[in-house]
Structure formats: C-alpha cells, structure tokens
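The block underneath contains the structure these notes are about, expressed in structure tokens.
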Protein chains: 2
Amino acid sequence: MTVKIALWGVGAMALRMADMLLDRTGVTIVGAIDRHPDKVGRDVALLAGRPRGCGVAVSEDVDAVLARRPDVVLHATDSFVDAVAPDLHRAVEAGANVITIAEEMAWPDAADPVAARALDAAARAAGVTLLGTGVNPGFVMDSLVLALTGACASVRAIHVGRVNDLSQFGPTVMRTQGVGLSADAFAAGVADGSVVGHVGFRQSIGMIAAALGWRIDRIEETRDPIISDVRRETPHVTVEPGMVAGCRHVARGYRDDDAVIVLEHPQQVRPELAGVETGDTIRIDGAPSIRMASAPEIPGGAATAALAVNMIPRVLAAPPGLATMADLPIPTAWTVLDPKPAAGRDA
Amino acid sequence: MTVKIALWGVGAMALRMADMLLDRTGVTIVGAIDRHPDKVGRDVALLAGRPRGCGVAVSEDVDAVLARRPDVVLHATDSFVDAVAPDLHRAVEAGANVITIAEEMAWPDAADPVAARALDAAARAAGVTLLGTGVNPGFVMDSLVLALTGACASVRAIHVGRVNDLSQFGPTVMRTQGVGLSADAFAAGVADGSVVGHVGFRQSIGMIAAALGWRIDRIEETRDPIISDVRRETPHVTVEPGMVAGCRHVARGYRDDDAVIVLEHPQQVRPELAGVETGDTIRIDGAPSIRMASAPEIPGGAATAALAVNMIPRVLAAPPGLATMADLPIPTAWTVLDPKPAAGRDA
C-alpha cells in the first residue's frame, strides 16, 4: 500500500514537508492546494527546489484534490482554530486523516472548546484522526516535556525556556513580534494586539496540565520588548540601538498562587550580536528533578515540517477523533513508510 | 474502577514503586511476591519505609497472589530474558498485564528472539500487554532519543553518553562493574565474563534501529577500566589510586563500516573526586542535528521506578502482546489513575 498525501497550503513549511516526502518510499503526493497565483499550476517538487517535477501541480480546486482520496492531508495555512476549522472539516468529511501545523490546533480546547468538540465529532464520524503538531506548540514546550516527566515519581513545577533567532523570518513575523519598533510603539502594539508574540503557550500549558492531571486556575502572559544595545540587521529589518530586537513573551500557569508551569520564549533577530546564545532549556522540579538543555535550539522550521511528516504513521495507526501529541506514541524519524512489526512479533 | 497491582520481586526498585503507588488514587496494591525470608510476611508499605502498613504482606506463594487477579504485575527480579521468562509467562497466563524492569526485556529480540516470540504469543492469547522499561535501556539511550528524532527530517548517526555515579550501589554492582579491581584483574574479569558492565546496549540499539528502519550489521562492545588517580571510598568499596573505579563500557552499532549508533556509558564510584561531572548527552546527527544534555544524569533508580509506574496507564490502554517503549504513547507522570479524555472529547 502506498499512502497518499495531499498538501493544503503550499508555503515554506509545506514545501519542506514535500521535500521530505519525495525522498521516502511508501508515500506519494497526490495533490496540493493553494490559491496563490504564483503557485497555482506549478509542480510541487519544482516549488520545493527539486531538479525534477513530480507530476503534481498546485491546484486551487479543493474538491478536485480531495476527490483523489488522500489518506492524509498535511495542512499548513494559518495559526488559529477558527481560521482553519472550515478546512479541517472539509478534509475530514472527505475521509482524510489530517495533520495540521496550526499552532492552536495542538490543543484546540484552549482557544475554542466548541470548535474542538465539533472537529472531534466530525473526525469520529468519518473514522479518521485529526492532529495538531509542530515544534512549539506540539513538541519542545509540551510533548517533549511530558516525555521527560515519565521519569519522575512526582512533579511540582515545570519551567521551559526557548531562546531562538528570528533572523530568517520575513515582514509578517517582524511585525507580529514587534521587531524594529520603538519601545513605545511596542507597548502600543501589545495593547492593541498587533504585537502578538508566540502563539501556543495556552496550548502547551493545556496539554501538560491535562496529561499530568493538574488544575490550572489562570494563565498570565507578559510581552516585554527586547531593547537592543547594538545595531542588528537582517534582509527584512534594521534595528538601531535603543530599538526593539524582539519580544520576550512569558506565560505562567498558576494553581492557586503558584506558577506551576512557566514558559519563556524570548524571540529576537541576530541574538549573537548581543552575546545571546540560543537554546531550549527544560527544568522539571520533582522527584527526581530533571534539567535538560539543547544548544542551539531545536530549529523551528525544520522541526515543524519533520514532526508533521513523522507523525503520519502514528496518525494512520491512531483511533478516530481529535488527537494530541500527548495521546500518540512518540514520533520517530522514518524514511520508509511500512508498518514495522514490534519486538518479538516476527523476529 | 480501581486498578489492582501486584509486585513480583520486592527489592529496592519495587519498594520505590510501592511508595509511588501508595500515594496515588485509582490504584491499589493487592499482592507482593518474594522468597527472601527477611521479607516474607512483612507489610509492603512498612518495607517501603511508610509509617503505616497497607495490609498487604509479602508472600512466596505466586499462585495465591496471581489468584487475586492483579490488572498489572510490576516485575523486578532479574536483568535477563531467560531468567525472567518463566515468571512473565506465569503472570501473563494468569491474565495480568506485566511491566518488567528486566533490562533485556526492553527489546527482548536482542537477547532471545525465540523467547520474545513465545512471550508475545502468550500475551496475545491472554489478551494482555507485556512491556519492558526502565531508565536505561527503556528511556535515556533509546525511547527519549527516538522522541528527539521526531523533530528530524533525516538522521545519519546517533551518539548517546551517560556518565553516572555508582556510589550508592552495593557489592553485586561493584563486582559486575569491576570496581576495586586491579587493571589486570579487570581485564581478566572482562575475558571471563564476570565484569559485565552495562546490560542494555543491544536492546537500545535494537529499539532505535527498528524504529528508524535501520539495518545494523554488527555491534561491537568495549569495556575499559576507569583507573583512578585518587582514593575513592564508598560504604561498599575502597579504590586506591591506580585501581579500577569503574567500567567505561561502549557499544557501537555499525552499518557497513559506519558506527551509526554509538552508546557510551562510563560508570564509576565517586566521579566527583576525579573532577568528572555526571550527565546524559544525546547527539543526533541529521537534518536538523540535535544536541541535548542533562546534568546531572537522569537518576537511575528513581527514574526506573517512575517509568514502570508511569507506564501503567499506557499498558492498560495498549493492544495485547509484547510492546516496547517505542510502540506506546509517551509516558507522563501521573498521580490519579483515571483515563483522561483527549482534547475536545468532553471539553
């Protein structure tokens, strides 16, 4: 059996996924959906930078692509449940399993429990599985943390820090992180919602709390400007000394007055110019306590695409309904999509 | 429903598990099996250091304990498949799910594929699940590594190092690691098999290779003495300068002439006296490459007991048969054993 994959949204992330899929056996790309006029009609493999096409052109005809009966739709169009829910319903109702990198779909209850329930019901009715994943939310600040708690008899508190580099990103990310603004403009942007920071803290806190059986009474978020002492320049933005190089976004999940889950995510351009090293740090206070750190950070773009592709066999094997990264077996890298026997089953 | 647990083997590890279980709701200890005359007849909770008993006395009557129909047997008697297989068959055939910390059971094919197949068949016939777990093998050098590969599009090679401290262990571990020997006696012990080093490399390599779909042509192991420059003393052993403080055991899994999985585990007493810091280091060479390190190491005893207990809900939810840590959803710490709804299912 060859697993048929459709891409819905053919941006940079989907093209990384396509590149991975083209190297694998047991899977084939059967369609790609996007409305952008620069993409419609073009071969997905060529868009992904491969020297030869794969014979699948980007189409804006959703029904025509879904009529090819993909086993899995890899969905990458937007961050928010309400924005993606109509697409997800359409794919699920066409009988496709769906893996989306919409950040809020990693734990959709946090954003919209009614929409989450409706998506779960639709997936169950269609006999398919729907999963939200990505590097964060979906991995570094939640499912990887949960995997580490597996070695703990008890857990009192969790702290995760992720220091990353935004230099590779374009104007949209610069705007939503407030990069290049004055401190005053940054504060105004936080107040009016145009400086967003990270999308995913509430999802990660929700996933951790549910898995550990923790009650969280409230979540508080702060967004502070990272004011640069030095000039920092990328192809998309120039930050003069005294201006904002990024957003230090922190979320604290409280039980009573204790911040039992603290997630810190300072994101900025050219951190190395300020002597800042990037990396992920997970601290679990418990019995035993665990401290793990990666340096540099697990890279966002590459890891999000990899997680989406690597979850394909897990989603194919999962029971119908809305799943989370905490429900499914650990993802692993794979190159050949061919269900492997477990230990002892056909040694 | 209250989940009924029996302990088989009431050593230090099982008593840690008992201590965890006594703090949890939704589970109850219904029996404990051990033949040691110092333990038979004694209350498990008192043996675990609790101030009050739990009403369950250690028994040497295996049939009587299994007749209490435990849902899960936590098995902790020995390291080797051939030593534990009769017990595991007996528990499985009595209708109990089994979680064992026998190192070789983390991936029993590596030691005895025939025994693994028979255990799988017995578990399937009885409709129960059998899992081997522990900190290593079972976690640090395999399932945690696999979880990290989930963020990789491709993996070329894996290197894991675990530097730990043996000071807390007694005479058996000192002997099997060669602690306190002369260099010559250590070499003789390696040659005659009395210096064992770590049990689990072949299991970890097997689990990683199967999950990644890698062919491994051969595994080479080396056991070298860690000669101490300083005097090191524990309650169980004294190491004079020039004597062996531990065993640097390394396994390399080769594909053709490439060591694609390298696992290093130098174990010694009082590493701090030689300026050695303990810790776990995972390096995945791939796209992207990932480096994660914990310092100090994830502690062996505490984590092994925690993993065994934390896998209880996963094993209860798993399909029948022999499972591995790579097959089941990520373990998480839990305190209340009460299957939690997934996201969106009853928000």
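The values are calculated or read from the model by the stated rules, or taken from the named source; none is laboratory data. Please read all numbers here as calculations on a predicted model, not as lab measurements. Glycine gets a Cβ as well: all are built from the backbone with ideal geometry, and neighbour counts include every protein chain shown. Surface accessibility is based on the protein's heavy atoms, side chains included, excluding ligands, DNA and RNA. Shrake-Rupley method; radii C 1.70, N 1.55, O 1.52, S 1.80 Å.
Quick notes on this structure:
- Summary of packing: across the peptides A:184-192, A:294-302, the per-residue average of other C-beta atoms within 10 Å ranks them, highest first, as A:294-302, A:184-192.
- The shape of chain B comes out oblate: with a ≥ b ≥ c from the C-alpha gyration tensor, a/c is at least 1.5 while a/b does not beat b/c.
- Using alpha carbons only, the radius of gyration of the protein assembly as shown set against its Kirkwood radius gives Rg/Rh = 0.98.
- Shown is the FRET efficiency for B:Ala317 and A:Thr238, computed with R0 = 41 Å from the Cβ-Cβ distance and rounded to the nearest 0.05: 0.15.
- Inter-chain Cβ neighbour count for B:141-149, averaged per residue, equals 5 (cutoff 10 Å, partner chain atoms only).
- The range A:216-340 shape via C-alpha gyration tensor axes, a/c threshold 1.5: oblate
- Taking every DSSP bridge with both residues inside chain B, close to 55 percent are antiparallel.
- Taken residue by residue and averaged, Cβ atoms of other chains lying within 10 Å of the Cβ of B:284-297 number 5.
- Both radii come from the Cα set of the range B:115-162: Rg as radius of gyration, Rh as Kirkwood radius; their ratio Rg/Rh reads 1.14.
- Estimated FRET transfer efficiency (A:Arg231, A:Ala12; beta-carbon r; R0 30 Å; 0.05): 0.65
- For A:Met1, label point 7 Å along C-beta direction: distances to other copies, nm: 2.8
- Summary for A:Ser182: label point 7 Å along Cα→Cβ; distances to the equivalent points in the other copies, ascending, 8.1 nm.
- Environment charge at B:Asn136 (Cβ cut-off 13 Å; Lys +1, Arg +1, Asp -1, Glu -1): -4
- Using a simple spin-label model with pseudo-atoms 7 Å out from Cα toward Cβ, A:Arg52 and B:Ser182 lie 6.7 nm apart.
- By the combined test of axial Cα extent (at least 24 Å) and Kyte-Doolittle hydropathy (mean at least 0.5), none of the DSSP H helices of chain B qualifies.
- Positive-end ranking of B:Pro271, A:Leu130, B:Ala64 along the dipole of the protein assembly as shown, with charges on Cβ about the Cα centre, is headed by B:Ala64.
- When the Cα atoms of the range A:1-146 are aligned to their principal axes, the ranges along those axes come out at 43, 34, 32 Å in descending order.
- Label geometry 7 Å along the beta-carbon vector: B:Ala121 inter-copy distances in nm: 4.8
- Rounded if a/c under 1.5, otherwise prolate or oblate - the range B:1-73, Cα gyration tensor axes: oblate
- Difference of contour (0.36 nm per residue) and Cα-Cα distance, B:Thr2 to B:Glu93: 30.6 nm
- Estimated dipole of the range A:135-255 in Debye, rounded to 20 [Cβ of Lys and Arg +1, of Asp and Glu -1, Cα centre]: 440
- Value of relative contact order over the range B:231-347, rounded to a whole percent, pairs C-alpha under 8 Å and six or more apart: 13
- Once the Cβ-Cβ distance of B:Ala274 and A:Ala274 is raised to the sixth power relative to R0 = 41 Å, the FRET efficiency obtained is 0.65.
- Set of aspartates and glutamates near A:Lys4 by C-alpha distance (under 19 Å), chain-local residues within fewer than 8 positions excluded: A:Asp19, A:Asp23, A:Asp34, A:Asp43, A:Glu60, A:Asp61, A:Asp63, A:Asp71, A:Asp87, A:Glu93, A:Asp338
- Taking label positions 7 Å along the Cα-Cβ direction at both B:Ser194 and A:Thr335, the computed distance is 4.5 nm, reported to one decimal.
- Computed from protein heavy atoms with a 1.4 Å probe, the total accessible area buried between A and B is close to 4800 Å².
- Of every Cα-Cα pair in the range B:100-212, the percent that sits beyond 18 Å: 62
- Average accessible area per residue (Å²) across the range B:1-118 - probe 1.4 Å, nucleic acids and ligands excluded: 43
- Hydrodynamic analysis of the range A:183-259 uses the Kirkwood radius over alpha carbon pairs. Inserted into Stokes-Einstein at 4 °C and 1.567 mPa s, it gives a translational diffusion coefficient of 90 µm²/s.
- Of all beta bridges that DSSP places with both ends in the protein assembly as shown, some 55 percent have antiparallel geometry.
- In nm, spacing of pseudo-spin labels at B:Tyr254 and A:Ala83 (7 Å Cα→C-beta vector): 5.3
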